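In what follows, a structure is listed as C-alpha cells, so that the remarks can point back to it.
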Amino acid sequence: MILAAAVQLQSTSDEAASLEAAEQGIRRAAAHGATLVVTPENTNFLGPHARKVELATGLDGPVVGRFAGLAAELGITLVLGSFNERSDDPRRCHNTSVTFGPDGAILGVYRKIHLFDVDVSAEVRFRESDTVVPGSELVVASTPAGEVGLTICYDLRFPEIYRLLVERGARILTVPAAFTAHTGKDHWEPLLRARAIECQAYVIAAGQHGEHDDKGLRRSWGHSMIVDPWGHVVGMASDGPGLALATLDLDRVTEVRRAIPLAQHRTLC
C-alpha cells in the first residue's frame, strides 16, 4: 500500500510564487507520508497565454530541474501535473506532464493530446490550440508506486485513451487539471468516477482552484480527489490550496478486475 496525494493549487502569472506554493504543497504531502504526489495542470504558470509561451522552457530547464530535485530530496514519486514546455513552434508551447522517480530521474513525459477548444458560454470560451502544440503519444510511466497512465485535464472527456492506457498496464491514472468552475460543478466528479469504474483503476485528479489572472479561464473548480477502482471517492481537498490524501492498495485493482473481468468480456473494437 502507498499513500498518494493530489496537491490543489491556485497558480497565477507570478511564476516564482506559483512554484513556491507548489513546492510547499508537495512538502506538506511528503510530511504526511505520501510517496506518490501529483500537482495540477499549469503548476508553474497560469496567466496570459502569450506570456506562457514566452516563458516556456525545455525538459533540461529550471522548472523541471526544480521538481526533479524535490523528488530526489523527499524520496517520492512526483508527477508535475503540467508545465509550459518549449516547442519547435515559436508561437506555441507544449502542455507537458513529467513524472519523476525518488532519485529525481524522469520516468515519463506526456504532452497533452486533447486541447481545450470550446465555446460553452460567455464564461467559457477558449482556444488552447492557439498557444499549445498537441502531443501525439500515450504514456504509461513505470514507477515504484506502480504503472501510472498520464493524462491532462480535457483528456478526461475521451474514455478511449484511458482504456488504451489500461491495456498498456496502467493501474493508476493521473488527471492534473485546471477544470473550469462552469463545467466542473456538473462534470468533474462524474467523469472521474466513470473513468475509475470503467478502467478499474485508481484515479488521482489534482486540480487548480479559484481565480487566476489569465484571459479566458476565470475560475477553476478545484475539488481535487482520489477515486478507487470501484468508483468511490476516497480522498478530496477542501476549497482553496490543499491536499487530497488516500491510501492506494493495488491488490484492490486486481480484485475488482477479477470480479468484473471487463477485458475478457469486451466484444467490440
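The values are calculated or read from the model by the stated rules, or taken from the named source; none is laboratory data. Everything quoted here is computed from the prediction, not taken from an experiment. Because the Cβ atoms are built from the backbone with ideal geometry, glycine has one as well, and the counts that use them run over all protein chains shown.
Observations on the model:
- For segment 253-262, the set of residues classified as within 28 Å of the chain's Cα centre (by Cα) and more than 17 Å from LEU173 (Cα to Cα) consists of GLU255, ARG258, ILE260, PRO261, LEU262, listed by residue number.
- Qualifying residue in segment 39-55 (condition: over 23 Å from THR180 (Cα atoms) and of a type in the set (S, T, N, Q)): no
Per-residue answers, yes or no, for (1) under 15 Å from the mean Cα position of the chain (by Cα); (2) surrounded by 19 or more Cβ atoms within 10 Å (Cβ to Cβ); (3) among the aliphatic types (A, V, I, L, M):
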site	(1), (2), (3)
THR131	no, yes, no
SER136	no, no, no
GLY169	no, no, no
LEU173	yes, yes, yes
ALA178	yes, yes, yes
GLU189	yes, no, no
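- Residues of segment 30-64 that are surrounded by 24 or more Cβ atoms within 10 Å (Cβ to Cβ), among the hydroxyl-bearing types (Ser, Thr, Tyr) and closer than 11 Å to ASN84 by Cα: THR43 alone.
- Of the residues making up segment 58-111, those that are among the β-branched types (Val, Ile, Thr) and closer than 20 Å to ILE152 by Cβ are VAL63, VAL64, THR77, VAL79, THR96, VAL98, THR99, ILE106, VAL109.
- PHE126 surrounded by fewer than 22 Cβ atoms within 10 Å (Cβ to Cβ) and touching a Gly at 6+ places or on another chain (Cβ under 6 Å): yes
- When segment 1-25 is filtered for residues that are β-branched (Val, Ile, Thr) and closer than 24 Å to VAL234 by Cβ, the ones remaining, listed by number, are ILE2, VAL7.
- Residues (within 17 Å of LYS185 (Cα to Cα) and of a type in the set (Lys, Arg)) located in segment 219-253: ARG219
- Qualifying residue in segment 89-105 (condition: of a type in the set (D, E, K, R), buried (at least 17 other Cβ atoms within 10 Å of the Cβ) and within 24 Å of HIS223 (Cα to Cα)): no
- Just so you know, in segment 222-244 the residues that are within 14 Å of the chain's Cα centre (by Cα) and of a type outside the set (Gly, Ala, Ser) include one that is nearest to GLY25 (Cα to Cα), and it is LEU243.
- Test: residue in segment 122-135 that is under 21 Å from GLU189 (Cα atoms) and at pLDDT below 95: yes
- Matching option when the condition is loosely packed, with under 14 Cβ neighbours inside 10 Å and at positive phi, among GLY210, GLY222, GLY231, GLY240: GLY240
- Flag if VAL7 is surrounded by 24 or more Cβ atoms within 10 Å (Cβ to Cβ), in contact with a Gly (Cβ under 6 Å, 6 or more places away or on another chain), assigned to a strand (DSSP E or B) and at pLDDT 95 or above: yes
- ARG195 vs. criteria surrounded by 14 or more Cβ atoms within 10 Å (Cβ to Cβ) and either farther than 30 Å from PHE45 by Cβ or of a type in the set (Asp, Glu) (or both): no
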